1. When a/c reaches 1.5 or more, the comparison of a/b and b/c decides; with that in mind, is segment 316-408 rounded, prolate or oblate per its Cα gyration tensor?
2. Starting from the Cα gyration tensor of the chain, take the square roots of the eigenvalues, sort them a ≥ b ≥ c, and report rounded, prolate or oblate (rounded when a/c is under 1.5, otherwise prolate if a/b is larger than b/c, else oblate).
3. Enumerate the amide H contacts of Asp455 below 5 Å, restricted to partners 5 or more residues apart or on another chain; note that Pro and chain-start residues carry no placed amide H.
4. Can you work out ³J(HN,Hα) from phi for every residue in segment 531-540, in order, using Karplus 6.51 cos²θ - 1.76 cosθ + 1.60 and θ = phi - 60°, giving whole Hz and x for Gly and Pro?
5. Amide H to amide H, which residues 5 or more places from Asp366 or on other chains are under 5 Å from it, using H placed in the peptide plane?
6. How much length, in nm to one decimal, is gained on full extension between Lys429 and Arg698, taken as 0.36 nm per residue of separation minus their Cα-Cα distance?
7. What order do you get for His538, His196, His310 when you list them from fewest to most C-beta neighbours inside 10 Å?
8. Give the distance, in whole Å, between the Cα centre of segment 174-192 and the Cα centre of segment 379-455.
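Read-outs throughout are calculated quantities, based only on the coordinates presented, and are distinct from any laboratory measurement. Predicted model only: the values in this text are computed from it and were never measured. Note: ideal-geometry Cβ built from the backbone for every residue, glycine included; neighbour counts use all protein chains shown.
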Amino acid sequence: MEIIPSEMVIHAWHHLLSSGYRRLTINIYQLSHNFCRLIRTTKTPIILKKNNLILLKTSSNRRFSMTENQSPRFMLMFTIGPVQSFIEAARKTEDLWMGSYILSYLVATAMEKVQSDGVEIIYPAIGTESPFKFWKKNFATPSFPNLFLAIGDGVKVSQDSLVERAGKAEDAAKSEFESMAKRVLDEAFKASLPWHGTYVQEIYNRQIPDFFDIYWVITEEKTEEEYGKWYARTAGNLAAIKNCRTFKQMSEFGRKCSLDGIREILHKKENESIDDAMEWWDDFAERKRQFCRPKEALCAVSLTKRMGMHYLKEHSKFSEEFGDDPPQFPSTSEVATAAFKEQLRCKCIVLGIYTDFVKEVKKLKDRNGNPADIPKISPLPKSSDFLQRENNIDGEWLYEETYNDSYLERYYNIDAKKEKTQIQIQTCKKLRSKLVEQLEGEPGKYYAAIALDGDNMGEKNREAKDKEEHAKRSNQLMKYANKVRRTVEEKHLGKLTYAGGDDLLALANLNDLLPILKKLRKRFPKFTRASAGVCIAHHKMPLTDVIRHARRMEKEAKKVDRKDALGIALYKHSGNVSQVVTKWEHKNSDGCKLNVIDIGKNLVNLLENDEISKRFLYTFRDAFAKLIGDDKNLMIELPSELVDKEFKRIIGRAYKTKGQELDKRSQRTVNQTLDIWTNFNTFTEYINFLEIITFISRESK
């Protein structure tokens with residue numbers, strides 16, 4: 001084979017990047033061969049067509065072979081990002097859900113262009129069904145990860161054909177997002193001057209077309225190459241591309257978006273003042289209160305997320321499913337108050353009071369004398385069999401502080417100083433108080449965000465012997481995602497934000513947090529384990545922060561040796577923070593496994609049944625405060641016998657049945673709680689674990 005001079009390779013490569021390899025006059029095999037020789041000394045990845053990579057088959061001497069196998073196979077790995085920054089830029093739970101939904105929708109769009117006779121989608125496991133037909137079974141839950149993997153049979157599809165399909169998949173995903181954004185802008189600016197030809201279009205052109213980073217690689221299977229090594233090679237090439245991603249400098253001016261804080265807000269005139277730009281947004285918030293809060297202003301990307309439901313209802317492949325009255329994703333307040341509402345299931349009289357309460361709240365008028373914009377809210381799925389959407393109202397109306405004059409004016413445009421409005425507010429407050437009295441307690445104000453991810457998934461995929469085994473594992477993960485939906489939403493008071501493959505994000509009421517965590521871990525496919533991060537937070541804590549802390553605790557859990565761990569952070573409204581990272585299971589002195597969630601549940605039962613005073617934790621903590629001093633990391637220095645005796649002494653004093661010994665069940669819980677304390681990294685972490693469990697028991701309703 002003729003070797004091309006390096007200068008010619010570099011010149012040709014620049015031409016290749018700018019024009020696409022099909023227009024290159026030089027032989028691609030010669031070019032690739034020489035370029036590989038050139039880059040082996042510089043460690044630079046081979047990049048083809050901007051963000052995409054194609055590696056051709058090599059023989060044992062590392063030279064590219066001109067001879068094809070009788071039955072060559074090609075592996076395509078395709079990914080869309082950014083993921084976390086896009087999803088977590090959220091002020092409402094619907095922002096969170098819509099970010100996940102848009103990503104899943106774009107991945108499904110891309111898969112549809114690749115899938116065909118001769119190309120099998122291995123991950124996610126959708127079989128031979130089209131992506132949208134497969135998704136239609138549970139269309140309301142984002143179900144696809146941001147990456148898919150396909151294998152092409154070289155007998156039925158050539159490498160050139162697979163390259164062409166991958167390119168079309170990339171174009172289709174970007175085009176779909178552009179169409180989504182255009183439809184949203186058309187709807188948003190429908191009541192004012194058209195946005196085309198204004199500065200809005202310039203912002204759109206800057207923010208939308210290149211927002212998503214799409215990367216894909218295609219590698220050909222080597223002769224007698226193990227499947228796991230082929231997969232590892234493909235994944236490594238994809239990682240190399242992402243590390244050398246293309247970068248486009250953008251300048252964003254003026255006020256920044258209320259969601260992401262990065263991009264310029266939409267406004268019609270260049271160089272107009274912030275006050276002038278906000279005039280349109282104030283009017284938009286007045287007209288479309290469900291899409292924009294007062295004083296909010298959004299960029300093109302965030303407005304597409306916020307109004308994404310308009311596109312899904314009118315123009316998507318699921319328009320019929322979403323219908324004219326699509327379900328709304330429950331707010332953090334709705335999740336926090338779900339246990340309070342669940343008590344209405346068996347109390348018909350109290351349910352009647354709640355129905356009257358909802359009717360009275362909906363009678364509130366805005367400052368213009370029109371019915372206040374109080375949206376219908378779907379309850380959590382578990383409660384939907386007795387609590388219909390028409391007879392429900394957002395959980396925040398069950399909190400006394402919601403009836404604050406300034407809050408009502410800011411978020412609902414209600415002038416609470418008007419006499420008639422004051423009378424109506426008092427009627428609502430009286431019914432609220434009656435509900436609290438009948439149900440013997442205020443509704444909960446805290447909820448939990450759960451982020452769970454499989455451990456060592458890349459390594460497990462590399463262990464697959466062939467594509468059949470890989471497909472089998474992918475199928476197990478897809479079945480797990482379906483089980484998760486039933487576990488979180490049908491059996492417990494929770495709501496899935498996203499469930500695709502080995503990764504999930506969910507919101508849960510504190511009453512069901514521990515049972516949900518136990519089942520999520522127990523039902524994970526047996527070929528690996530999973531680690532989770534949890535953030536328990538007040539319903540008014542910024543949602544972006546809550547999700548970020550849940551992800552952070554997940555990462556902390558991933559740092560544990562051999563993983564299979566759990567991280568929990570409790571953020572109290574007062575500002576105090578308690579966090580703990582621990583294995584799901586610990587071994588006691590006898591070598592028996594003790595599940596930390598089971599121990600937590602048993603301890604919660606003791607506290608909730610009022611068998612043990614909730615003050616015991618603080619007494620126990622204070623007893624060792626002087627010994628620990630400022631050394632928060634102290635653990636080994638504390639004698640085990642001292643801790644055991646002091647713990648049992650304090651528990652005995654906290655036992656409500658005076659003069660009696662702890663019963664066997666309670667004693668077993670105490671012993672198990674003591675058995676695990678040396679497994680925590682520090683004594684402070686053990687105290688934090690007990691504090692979190694005590695907090696859950698106190699806030700559960």
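1. oblate
2. Numbers: a/c = 2.20, a/b = 1.31, b/c = 1.68.
Because a/c hits 1.5 or more and a/b fails to exceed b/c, the chain counts as oblate.
3. Arg529, Ala530, Ser531
4. My calculation for segment 531-540 gives 10, 9, x, 10, 10, 9, 9, 5, 5, 9 Hz in order.
5. Counting only residues 5 or more places away or on other chains, the set is Ala372.
6. Values: separation 269, 0.36 × 269 = 96.84 nm, distance 2.44 nm.
Computed gain between Lys429 and Arg698 is 94.4 nm.
7. His196, His538, His310
8. 33
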